[in-house]
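To start, the structure under review is shown below, and the notes come after it.
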Amino acid sequence: AQQVPDILSPEFAENPYPAYRVMRESAPLIWHDVTQSYIISRYEDVERVFKDKDGEFTTDNYDWQLEPVHGKTILQLSGREHSVRRALVAPAFRGSDLQEKFLPVIERNSRELIDAFRHTGSADLVHDYATRFPVNVIADMLGLDKDDHEQFHGWYTSVIAFLGNLSGDPAVAAAGERTRSEFADYMFPIIRARRENLGDDLLSTLCAAEVDGVRMSDEDIKAFCSLLLAAGGETTDKAIASIFANLLAHPEQLAAVRADRGLIPRAFAETLRYTPPVHMIMRQSATEVTVSGGTIPAGATVTCLIGAANRDENRYADPDRFDIFREDLTATNAFSAAADHLAFALGRHFCVGALLAKAEVEIGVDQLLDAMPDARLADGFDPVEQGVFTRGPQSLPVRFTPPAA
Ligand code: HEM
């Protein structure tokens, strides 16, 4: 049998895709000692775990992963408690709230970042745009003071460092837990003030939301806002960086998207398949389960490799090719993502911010293409992807002709 590179090896971090192939082909269920989890990689297996038709999996594992930095979030809830929470928060991320309240916020925040570099003829799309844009959007949607955005960004950096702390560095772990209490000290007075004086922002919507007589406590709202830093920030950050990295690496597809902006949804969907922001998600088995002929005992942690499943040759033709014109790509809306890839997961915990993410990427890419009419990578620069749980380009320096003064 072929040797499977360890998911925590430097070789895997550099390029996980060859290892993913070996796993899908010859080791679709493996025990991983360091993470103490069973790893699965085939599309049909990951899809089955996410859909969880027979109630075989829980998200109890998130208690130890997320609790120290966020507290109890929607991701840790299950059953009726989860569906009520979902009904409390979901309306804020779609329909008229998204269209009327938040699209202008997205447009404004994207434009502000682009205005800072559009006249210079150069930018790093990761540092100057992608890492800032979604976090600024969340802060602005919540209605936080503009002066606090920098601090909010600092908490974002600390939260994602905590979640990505594979080696268990105690300094990073301690900083993450400090962030939890700083964030709480900051948010609680703001939440209390909103309850007294509701406004038009996301925080007010969360304070006012009520389903079947249930409302969210201050702690529930604070934990949800903290989750949004990682769930809505890092993911969209990486999606925007990756869409540009993929298009810049395929100039004919970039030219097509530039000429027809109606292709952006296809470029987004194919980017989420080919280079998903979240590569791994963990679940816990509630009972003994058989997967790809092997047995997972009850109570085990299961690592689902989205990055591997999205390139399964039994699901996609020529899976290692980035092609926005793929025939089986629907890309009609973010909920059709379920038919295109597993990047938003599936089932109960399917990404609640999928439509918001789609709006951010569509608006952001459109504005960036307008501002950089001939964007190309800086001479000799070869983008490097980074990350194992979440993954995306580390830096993306581009050059373009600035508008005439
Ligand atoms: C859930 C991916 C953008 C908020 C998820 C899950 C994935 C995901 C894979 C499922 C996690 C699990 O089942 O364990 C993504 C990607 C995004 C994105 C790839 C960008 C391209 C956003 C945005 C927001 C958001 C913009 C909101 C601001 C959430 C929340 C959940 C979630 C709250 C938990 C839902 C639940 O437990 O019911 N996302 N996400 N995400 N996402 Fe996203």
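Numbers below:
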{"quantity": "Selection from the stretch 310-336 of residues that are outside any loop (DSSP other than H, G, I, E, B) and surrounded by 20 or more Cβ atoms within 10 Å (Cβ to Cβ)", "calculated": "A334"}
{"quantity": "Residue tally, condition more than 13 Å from the ligand (Cβ to nearest atom) and either closer than 25 Å to T287 by Cα or not hydrophobic (A, V, I, L, M, F, W, C) (or both), over the stretch 64-79", "calculated": "4"}
{"quantity": "Search result, residues across the stretch 92-113 that are more than 13 Å from the ligand (Cβ to nearest atom) and under 18 Å from I221 (Cβ atoms)", "calculated": "K101"}
{"quantity": "One residue from I39, I74 being under 27 Å from S226 (Cα atoms), at pLDDT 95 or above and in contact with a helix residue (DSSP H, G or I) (Cβ under 9 Å, 6 or more places away or on another chain)", "calculated": "I74"}
{"quantity": "Matching residues in the stretch 266-309 - criterion: being in a strand (DSSP E or B), hydrophobic (A, V, I, L, M, F, W, C) and more than 11 Å from the ligand (Cβ to nearest atom)", "calculated": "V289, V291, I296, V302, L305"}
{"quantity": "Long-range neighbours under 9 Å by Cβ, at least six apart or interchain, first residue under 18 Å from M141 (Cα atoms) within the stretch 78-97, second surrounded by 15 or more Cβ atoms within 10 Å (Cβ to Cβ) and acidic (D, E)", "calculated": "L88/D220; P91/D97"}
{"quantity": "Residue satisfying all of: in the stretch 339-348; near the ligand (Cβ under 7 Å from one of its atoms) and touching a Phe, Trp or Tyr at 6+ places or on another chain (Cβ under 8 Å); nearest to A241 (Cα to Cα) among these", "calculated": "F344"}
{"quantity": "Condition broken by G293, with the remaining ones in (1) within 15 Å of V361 (Cβ to Cβ); (2) modelled with pLDDT under 95 satisfied", "calculated": "(1)"}
{"quantity": "Failed item in (1) surrounded by fewer than 20 Cβ atoms within 10 Å (Cβ to Cβ); (2) within 20 Å of M216 (Cβ to Cβ); (3) at pLDDT below 95, with L8 passing the rest", "calculated": "(2)"}
{"quantity": "Every pair of residues 6+ apart whose Cβ atoms lie under 9 Å, when the first sits in the stretch 342-354 and is on the phi > 0 side of the Ramachandran plot and in contact (Cβ under 8 Å) with a residue 24 or more places away in the chain while the second is within 6 Å of the ligand (Cβ to nearest atom) and not in a helix (DSSP H, G or I)", "calculated": "A345/V278; A345/I281; A345/C351"}
{"quantity": "Residue within the stretch 160-175 that is of a type outside the set (K, R) and under 29 Å from D97 (Cα atoms) present", "calculated": "yes"}
{"quantity": "Residue within the stretch 161-168 that is free of Cβ contacts under 8 Å to residues at least 40 places away in the same chain, under 18 Å from the mean Cα position of the chain (by Cα) and in a helix (DSSP H, G or I) present", "calculated": "yes"}
{"quantity": "Checklist (1) closer than 30 Å to D185 by Cβ; (2) surrounded by 22 or more Cβ atoms within 10 Å (Cβ to Cβ); (3) away from the ligand (no atom under 16 Å from the Cβ) applied to R215, failing item", "calculated": "(2)"}
{"quantity": "Counted residues, the stretch 169-180 - those being more than 16 Å from L228 (Cα to Cα) and assigned to a helix (DSSP H, G or I)", "calculated": "8"}
{"quantity": "The stretch 41-63: number of residues that are in contact (Cβ under 8 Å) with a residue 12 or more places away in the chain and more than 14 Å from the ligand (Cβ to nearest atom)", "calculated": "7"}
{"quantity": "Neighbours by Cβ (under 9 Å, 6+ apart or cross-chain): first from the stretch 231-244, in contact (Cβ under 8 Å) with a residue 40 or more places away in the chain; second basic (K, R) and more than 8 Å from the ligand (Cβ to nearest atom)", "calculated": "D237/R132; K238/R391; S242/R391"}
{"quantity": "Check on I221, in a helix (DSSP H, G or I) and at pLDDT 95 or above", "calculated": "yes"}
{"quantity": "Pairs, first without any contact (Cβ under 8 Å) to a residue 24 or more places away in the chain in the stretch 271-295, second of a type in the set (V, I, T), C-beta under 9 Å, six or more apart", "calculated": "E288/T295; E288/I296; T290/I296; T295/V289"}
{"quantity": "Test for A339: is it surrounded by fewer than 21 Cβ atoms within 10 Å (Cβ to Cβ), at pLDDT below 95 and either under 27 Å from L75 (Cβ atoms) or among the β-branched types (V, I, T) (or both)", "calculated": "yes"}
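Condition check ((1) under 21 Å from T332 (Cα atoms); (2) among the polar types (S, T, N, Q)) across all residues:
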residue	(1), (2)
T235	yes, yes
A245	no, no
I264	yes, no
A269	yes, no
M282	no, no
S285	no, yes
G293	no, no
I296	no, no
T301	no, yes
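The values are calculated or read from the model by the stated rules, or taken from the named source; none is laboratory data. Every value quoted in this text rests on a predicted model; they were computed, and no experiment measured them. Counting neighbours? That spans all protein chains shown, and the Cβs are built from the backbone with ideal geometry, glycine included.
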